[in-house]
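Some notes on the structure that comes next.
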Amino acid sequence: MFADEVNFDRDWLDDARRYLTNIVGKYGPHIQLLLKKASGIMDKIKLICPLHGPVWRKDLMYFIKKYDTWSRYIPEEKGVMIVYASMYGNTESAAQALSARLCEKGQTNVAMYDVSTTHVSQLISETFRYSHLVLASVTYNLGIHPAMNDFLMDMKALNVQNRTVAIIENGSWACKSGDLIEEFIRKELKNMTVLGERLSMASTLKEEKEPELDRLADAILESMK
Ligand SMILES: Cc1cc2nc3c(=O)[nH]c(=O)nc-3n(C[C@H](O)[C@H](O)[C@H](O)COP(=O)(O)O)c2cc1C
């Protein structure tokens, strides 16, 4: 049996990803160096003992391959992770509408997360998994919603890179969140592609925004080819 075919309990792998991406994710190049050094003795490795994670005793190549992927910041899957920050539910509805549109158009690997109720460590480990990220945020006192801001700061701290990002912004009187998120990504994160087709909404997603929503979904799908 090839290591890739091993049917691991998904929780184990999630634990491993969470440990690596949240604690040593920042040090991808160091992990690469270590893997290079160990390349001659891979077959002699008996145990992998992460400082805070589970100890791996079998199918070690499966995990070593995962460590290699994570430490090179290569997405594990082609898919879209939608993270939204919403106070009254309108931005959440727009995120759901986008998710439905993507699924209708054939991309069913879509995951949605509420940034206010999901621990940031889970968001980070999921970000290491998916190739595409949609950030949907309300404007909050002329800034980014605080929980979305925390997520962005953690992405920077953990060196998240090589992802394509789309933005949904919402503001009732002075919409700023989209520009601020885009500026942060461009200035603070590496090798990120921000799609130009931003969906901008004032309070609620109105019917006349349908074509914009559709264009955003198409742009995401196009960038996944
Ligand atoms: C504390 C607070 C601060 C806000 N600050 C702004 C702001 O600076 N500019 C703006 O256009 N809207 C602001 N809004 C309105 C939100 O952006 C509004 O909640 C949003 O457009 C509706 O989306 P939601 O249903 O997803 O919360 C604020 C709302 C709250 C509750």
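The values are calculated or read from the model by the stated rules, or taken from the named source; none is laboratory data. Being a predicted model, the structure only gives us computed values, none of them experimental. Note: ideal-geometry Cβ built from the backbone for every residue, glycine included; neighbour counts use all protein chains shown.
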For the stretch 62-104, which positions are in contact with an Asp or Glu (Cβ under 9 Å, 6 or more places away or on another chain) and of a type outside the set (Gly, Ala, Ser)? TYR62, LYS65, LYS66, THR69, TRP70, ILE74, MET81, VAL83, TYR84, THR91, GLU92, ARG101
Is one or more of the residues making up the stretch 130-145 in the same structural domain as LYS190 (by TED's automatic domain parsing), of a type in the set (Phe, Trp, Tyr) and free of Cβ contacts under 8 Å to residues at least 60 places away in the same chain? yes
Criterion: free of Cβ contacts under 8 Å to residues at least 40 places away in the same chain and surrounded by 12 or more Cβ atoms within 10 Å (Cβ to Cβ) - qualifying residue of VAL115, VAL55, VAL80: VAL115
By my count, helices (runs of 4 or more DSSP H) wholly in the stretch 107-225 with at least 1 residues that are over 18 Å from ALA94 (Cα atoms) and within 16 Å of the ligand (Cβ to nearest atom) are 146-157, 177-188
Evaluation of ILE45 against (1) under 30 Å from SER203 (Cβ atoms); (2) without any contact (Cβ under 8 Å) to a residue 40 or more places away in the chain; (3) β-branched (Val, Ile, Thr) (one fails), failing number: (1)
With of a type in the set (Ser, Thr, Tyr) and farther than 24 Å from LYS225 by Cα as the only criterion, which of SER125, SER93, SER131 stands out? SER93
Would you be able to tell me the number of residues in the stretch 94-112 that are of a type in the set (A, V, I, L, M), surrounded by fewer than 16 Cβ atoms within 10 Å (Cβ to Cβ) and under 22 Å from PRO211 (Cα atoms)? 1
Please work out which residue is modelled with the lowest pLDDT, limiting yourself to the stretch 1-32 and to residues that are closer than 22 Å to LEU123 by Cα and hydrophobic (A, V, I, L, M, F, W, C). PHE8
